[in-house]
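See structure below.
Quick note: the coordinates plus some simple rules give every number you see, no bench work behind them. As the structure is a computational prediction, the values presented were derived from the model and not from experiment. Cβ coordinates were reconstructed from backbone atoms using ideal geometry, including for glycine residues, and neighbour counts include every protein chain displayed.
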Amino acid sequence: MEILQQLVNGLMLGGILAFVAVGFTLTIGILNFLNFTIPGLFMLAAMTLWATSTPGGYPLAWGLHWALAALAGIVVCVVASLVIERFTYRYMKAKYRDATEHALPLVSSLGFLLIFEHLAITLWGTEPHRAALPFADSDLRLGGLVVGVPQLISLGLAIVLVAFLSTVLSRTRLGRALRAIAENPDAATLMGIEVNRIVPVVFVVTGAMTALAGILYVASYRTVTPFIGDTIATDAIAGMVIGGLGNVWGAVVGGLFVGMLKVLAINFFGSEIEKIPVWGLLLVLLILKPTGLFGHTAIGREKF
Amino acid sequence: MSGYLAGILAQLAINIVVAYSVFLPAAAGLLNLGAAGFVLVGGYVAGGLTSLAGVPLLPAIAAGGAAAGAIAFLVSFPILRTRGVYMVLATFAFAEVVGGVLLNIPALGGASGLSVSAYASLPVVLAVTVLVMAFVGWLLATRFGLAMRAVHDDESVALLFGTNLRLTQVFAFTAGGALGGIGGGLIVHQFNFIDVQTTGIMFSIFVLLYVLMGGTQTAWGPIAGALFFTLVPEGLRRLSATIPALGFLEASRYIVFGAAVVLVMMWRPEGLVTRTLVEQVFGALGRRPERDSGRGPERDLGRRAGTRRETSPPLDTAPRPEAGDG
């Protein structure tokens with residue numbers, strides 16, 4: 001039972017990781033761009049939700065209803081994501097044609113990560129805050145297993161959204177345009193796809209997914225600091241690589257796998273060991289089978 | 001010299017050493033997001049040697065550098081199998097594994113970090129830094145430095161011209177790792193402390209950022225990057241301390257740094273200090289480094305016609321004039 005409970009906990013953590021991993025895998029699969037602002041966006045959504053729903057005492061503490069606060073978090077992230085698109089991907093693309101050649105977007109996105117983290121530190125300080133949300137204590141008890149409702153929602157939502165995303169990618173006109181850009185942006189332009197209008201879609205989706213993950217994280221764990229994004233996002237990167245770069249279902253599987261691996265490792269070996277299995281596995285996988293479990297061989301190669 | 005100034009100077013020197021540990025692989029076209037890994041290895045080995053085994057300071061720092069270099073050599077073979085984004089992730093994963101392993105060695109302090117009593121005073125730190133700078137400057141002036149640049153610019157063409165690709169990259173990675181280890185030895189003995197938390201993900205990100213911001217074309221770039229990274233946040237902090245109206249700068253100084261990174265990447269994608277800039281500066285000083293002319297055609301266009309070289313530079317190992325002090 002103990003093990004089963006741990007597996008459930010791992011699955012729940014994995015649900016959030018899967019969300020973030022899907023954001024990573026979309027930008028890397030379509031734009032060949034490792035978007036390092038995602039930890040910042042994740043944290044920004046979580047902190048915005050906490051701050052705007054707090055009755056007072058902090059900047060932006062407006063005491064909003066939690067649903068409005070969550071919406072504020074998503075809006076902030078989508079807007080921030082569009083700003084990132086403008087200043088990293090599009091700018092490099094316009095000026096240097098093949099944006100990925102110089103590793104520039106990657107570096108700029110690290111710059112944006114710094115900006116976001118220190119913006120949160122400037123506004124709200126480094127100490128942990130506790131969000132008071134109404135549904136935070138609602139745990140389901142299923143025959144001795146404790147399942148958090150927010151976690152359950154995040155897992156379900158992750159699967160539904162990814163199913164939706166993969167349908168969009170494979171069935172719709174927009175999806176076809178995105179896949180064309182993924183394969184060859186220049187050829188896509190020649191085929192009449194307006195790259196500069198389609199690419200922001202990727203950033204909006206990434207921003208919204210990451211924001212949702214941050215909101216579900218607050219709903220599940222309630223404590224926020226400006227640094228929550230770092231661990232979650234690095235674990236999500238591990239999940240993404242395990243699933244294979246550019247594969248949305250792979251990201252879900254990888255995220256769930258990393259979540260369970262972490263929880264089980266902490267359970268059996270203590271909390272200080274948690275980094276070794278995830279990153280050790282990732283290192284071995286990168287060296288032996290860099291395409292991950294379901295990845296496409298062409299993505300991420302030869303380019304930064 | 002006041003203690004404050006000495007502290008800044010020591011921090012700057014350490015930042016320069018760590019910058020070169022990322023610069024060397026970067027100059028050979030390898031992005032290393034795992035600087036923390038090598039710094040941790042060097043710091044823990046050197047710190048462990050002085051505190052647990054009573055080894056004198058300088059041999060301990062050298063041993064830390066050697067240990068980090070040896071590990072860099074060993075991991076370079078598997079890591080060099082990866083490319084692009086995968087390499088960034090692999091070096092990143094490597095640093096995380098190193099941190100995770102060190103966290104679980106109780107003899108070295110575990111999660112509470114390693115405290116040592118041996119102290120590296122400012123002259124020691126500066127002397128080591130000057131040695132490192134001289135080494136990098138010399139290395140870039142050799143034929144090997146030329147090979148690194150060739151590999152950085154185009155691997156296939158470098159291979160075509162008979163450059164030993166694998167050797168060049170392995171050596172650049174190993175030397176970078178060793179310098180990171182030396183930097184770690186300096187850190188642990190200057191601050192009498194090192195731990196996995198502060199030398200973590202953000203550390204690696206910061207180092208990579210200020211190196212790329214400074215520019216990886218010349219050995220001056222990392223110095224410029226380290227200067228910017230050390231002095232600008234500190235200057236903003238001082239400014240906010242003296243002028244109360246600017247108090248917000250205290251907390252937000254790294255926002256300025258992040259914004260500067262984004263802007264530099266937009267306007268000077270090759271970094272603040274480029275080969276052309278170094279050339280212009282030395283040209284203005286009347287001693288233009290002649291071996292600095294073998295770059296791409298797009299930069300030749302930017303040069304004044306009168307300074308264009310008459311003959312091709314020989315492919316020998318004559319040191320570049322600026323190399324010795326960079």
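When averaged across all projection directions, what area in nm² does the alpha-carbon convex hull of the protein assembly as shown cover?
Numbers: hull surface 120.6 nm².
The number I arrive at for the protein assembly as shown is 30.1 nm².
Which of the peptides B:57-68, B:206-217 is most tightly packed, and how do the rest follow, judged by the mean count of other Cβ atoms within 10 Å per residue?
B:206-217, B:57-68
Take the alpha-carbon centre of segment B:3-23, take the same for segment B:55-82, and report the distance between them in whole Å.
A separation of 20 Å, based on Cα centres.
Ranked by Cβ crowding within 10 angstrom, fewest neighbours first, how are B:Leu167, A:Leu41, A:Leu161 ordered?
Exposure proxy ranking, most exposed first: B:Leu167, A:Leu161, A:Leu41.
Using alpha carbons only, how many degrees (0 to 90, rounded to 10) separate the axis of helix B:57-79 from the longest principal axis of chain B?
Taking Cα atoms only, the helix is inclined about 60 degrees.
Taking the Cα atoms only, what angle lies between the long axis of helix A:248-269 and the longest principal axis of chain A, rounded to 10 degrees?
Helix A:248-269 sits at roughly 40 degrees to that axis.
Counting only C-alpha contacts under 8 Å and six or more residues apart, can you give the relative contact order of segment B:3-209 as a whole percent?
Relative contact order of segment B:3-209: 45 percent.
Which whole number gives the average, over all residues in A:114-126, of C-beta atoms from other chains lying within 10 Å of the residue C-beta?
Working: counts 13, 9, 2, 4, 8, 5, 0, 4, 8, 2, 0, 1, 1.
Rounded to a whole number, the mean comes out at 4.
How high is the FRET efficiency from B:Leu122 to A:Val201, r the C-beta distance, R0 60 Å, rounded to 0.05? It would help to have the intermediate numbers written out before the result.
Details: r = 54 Å, r/R0 = 0.90.
Efficiency, from the Cβ-Cβ distance: 0.65.
Under a Cβ-Cβ cut-off of 15 Å, what is the net charge of the residues other than B:Pro78 that fall near it, where Lys and Arg count +1 and Asp and Glu count -1?
My count for the surroundings of B:Pro78 gives +4.
Considering only C-alpha atoms, what is the centroid distance from segment A:215-235 to segment B:236-266, in Å?
The two parts, judged by their Cα centres, are 26 Å apart.
Suppose R0 equals 25 Å; then what is the FRET efficiency for B:Leu52 and A:Ile273 from their Cβ-Cβ distance, rounded to the nearest 0.05?
Using R0 = 25 Å, I get an efficiency of 0.60.
Give me the extension gain from B:Leu231 to B:Gln197: residue separation times 0.36 nm, minus the current Cα-Cα distance, reported in nm with one decimal. Let's see the in-between values first.
On the way: separation 34, 0.36 × 34 = 12.24 nm, distance 2.32 nm.
Once the chain is fully extended between B:Leu231 and B:Gln197, it gains 9.9 nm.
Other chains near A:265-277: what is the mean number of their Cβ atoms within 10 Å of each residue's Cβ?
3
Less than 14 Å Cβ to Cβ from B:Gly247, Lys/Arg counted +1 and Asp/Glu -1: what total charge do the surrounding residues give?
Summing Lys and Arg as +1 and Asp and Glu as -1 gives +2.
Quick one: helix B:84-103 against the long Cα principal axis of chain B, what's the angle to the nearest 10°, folded into 0 to 90?
Compared with the principal axis, the helix lies near 20 degrees.
Calculate the mean, over all residues of peptide B:222-229, of how many other protein chain Cβ atoms lie within 10 angstrom of the residue's Cβ.
Rounded to a whole number, the mean comes out at 0.
What's the exposure ranking of B:Glu234, A:Glu183, going from fewest to most Cβ atoms within 10 Å?
Details: B:Glu234 16, A:Glu183 11.
By the 10 Å Cβ count, ascending, the order reads A:Glu183, B:Glu234.
At 7 Å along Cα-to-Cβ for each site, give me the label-to-label distance between A:Val83 and B:Leu167 in nm.
5.0 nm
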